[in-house]
Amino acid sequence: MSKKIEILPESISQKIAAGEVVERPASVVKELMENAIDAHAQEIIVELKGGGLDLIRVIDDGEGIEPEDLPVALQRFATSKIRTAEDLYAIHTLGFRGEALPSIASVSHLTITSRVAHALSGTRIVCEGGEIKSLSEIGSPVGTEVVVRNLFYNLPVKRKFLKSIRSEFRHVLNYFYRISLSYPSISFKLIHDERRVEDLLRTESPGIRVEALWGREIFDHLQEIETEEGELRLSGLMSLPSLAKGNADGIYLYVNRRYVKDRIIYKAILEAYRHHLPSGKFPFCLLFIEIPPSFVDVNVHPTKAEVRFREPERIYRLVFNTIQHILEGKTRDIPISFERREGYEKVSFSLKKDSVPRIEIEGEDLTSLLQLKEERPLWGEEKRFRIIGQLWETYILCENDETLLLIDQHAAHERLLFEKWKKKVETHSIGSNPLLIPILLECSYEESLILEEATDAFRTLGFELEPIGERLYAIRSIPELIKPEESNQWIREILEELAFLRRGEEGKNLIETLLISLSCHSSVRGRGILRREEMEELVKTLYPFELSLTCPHGRPIFYSISRKELEKQFKRRHRGS
């Protein structure tokens, strides 16, 4: 009987290893930038063509590689960072596995040119598909240049699964920003298809680097963090409640200058903001945790994107307490008042030390919260649904003889507006209001890419956007449904959503995505008191729709409970018992 288990050939095992480290062009850029930082570079230049699929060139002015070390550097597990197993728990560098260069070399045409400071000339090595083709002496400046061409040329299936040039470049942008935010003392340049995208000068102030990348508008809402607890140090910037994002893309976490994704830190941040931001909103956070290397294991993920803490509860407390303390200090003295409404004699609101909002109500009993009034039949006599009132300022309660119906007021209104605007798009009847004074919109590079791609879709909905400078746009007209003071924020939120969809590779129609966002931001909110007339109008407008209808995001609008089901819960055998 022939044996079934065999050792894989080196050519196959190398490609498997490469697949763990090199997922796309952005992975190559990340590894090469980290190598340059480990080489103590003061300037790093990243040049791409075709989103990195055709060319990736990373140039640094670091300490360079010795001529005899260059061939060894292309072998798996060749590293200058560790010598013993104990060194894994004392990692001070970004790279240490010795897998980046051999993995990249095995799936590309790779050329490395490097010179150390004491040498009169440099050394160049050429490698194709993991095989060294030549090694020669050449004139070059001190530092290293790595050129990667035709990525995945020998893995056509892998290359086929990569996305568009624009999409791959956005992935590169994400890694470039993550690394450059962590090292403001290094100058970074990014060039794509011979166009300069970023030129970040060296600075000793992280704030200057943040302002350069995030813009002044965001930077003005950030608060500096600086605290220590024993051997732990936390620093960075966090947003005040006056600034929020529609997704978590604005949260950047670093442990010993290494960008990580960590659920513990992430949860601590969201818990600290829980009573300061509306549901579905996220802060901007740039957090740096400095911790003794022996307190954290960075060797738990092939791409080094995750870490494991020895004392995770200490990390959680440090992050949560620091952010909560700053937020409480900023909101403790803010006066809060409510408009007086019928049925309320006194409503007071206060933020206690534990930051938990407390509401006290004096006057009528709690049934007034449901705004109970006379019953009126709705949706036709045959259905006999009547409005009972409003529950938790979010749901409209209706009843008939056999059913209790709950309607999500935000989801319902969002669907109605979506249908209304969809019809206007189809009939080309959307109104547009010109602005007497244009509103300026400053974008990040990624936002400007998305805006260029979606210009026609914005114009279809009544926006007129004109580029007037590098990443600066003038909003000259807005749709009739949007208030001028809301237009800037609305465009930012839809750009966030489009960026999220692109990174998730979801191919939604741009017009539909814009319509959904427009409907969402223009509809009545959950946690908002509605007048009786408003509830009646909303419910009447819903009459033509089936109870299975959802909002444009796919959430249900209706939830019904039969009388029979309720009687079963209360153990009633028959009505009136």
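Within region 242-253, identify whether any single residue is touching a strand residue (DSSP E or B) at 6+ places or on another chain (Cβ under 9 Å), modelled with pLDDT of 90 or more and hydroxyl-bearing (Ser, Thr, Tyr), and answer yes or no. Yes: one or more hits.
Leu55 passes every criterion in (1) out of contact with any strand residue (DSSP E or B) (no Cβ under 9 Å at 6 or more places or on another chain); (2) among the aliphatic types (A, V, I, L, M); (3) at pLDDT 90 or above apart from (1).
Going by the conditions given, is Trp392 touching a helix residue (DSSP H, G or I) at 6+ places or on another chain (Cβ under 9 Å), at pLDDT below 50 and within 29 Å of Pro552 (Cα to Cα)?
no
Of the strands (runs of 3 or more DSSP E) lying entirely inside region 141-224, those containing at least 2 residues that are without any contact (Cβ under 8 Å) to a residue 60 or more places away in the chain span 195-200.
Go through region 202-258 and count every residue that is polar (S, T, N, Q), surrounded by 14 or more Cβ atoms within 10 Å (Cβ to Cβ) and closer than 22 Å to Leu440 by Cβ. Give the derivation first.
From region 202-258, those polar (S, T, N, Q) are 203, 205, 223, 227, 235, 239, 242, 247, 256; that's our starting set.
Add one more test, that the residue is surrounded by 14 or more Cβ atoms within 10 Å (Cβ to Cβ), and what stays is 203, 223, 227, 235, 239, 247, 256.
Subsequent filtering for residues that are closer than 22 Å to Leu440 by Cβ retains 239.
The total comes to 1.
The single condition among (1) in contact with a Ser or Thr (Cβ under 8 Å, 6 or more places away or on another chain); (2) in a helix (DSSP H, G or I); (3) surrounded by fewer than 20 Cβ atoms within 10 Å (Cβ to Cβ) that Leu318 does not meet is (3). Please tell me if Leu270 is in a helix (DSSP H, G or I), under 20 Å from Glu493 (Cβ atoms) and assigned by TED's automatic domain parsing to the domain that holds Glu217. So Leu270 fits the description; yes.
Filtering region 399-415 down to residues that are over 21 Å from Lys568 (Cβ atoms) and assigned to a strand (DSSP E or B), which residue is nearest to the chain's Cα centre (by Cα)? Among those residues, the one meeting the criterion is Asp408.
If only residues of region 151-166 that are surrounded by 16 or more Cβ atoms within 10 Å (Cβ to Cβ) and not charged (D, E, K, R) are counted, the one that is nearest to Lys30 (Cα to Cα) is Leu151.
The values are calculated or read from the model by the stated rules, or taken from the named source; none is laboratory data. What you are looking at is a predicted structure, and each value in this text was computed from that prediction instead of being measured. Glycine also receives a Cβ, built like all others from the backbone with ideal geometry; neighbour counts cover every protein chain displayed.
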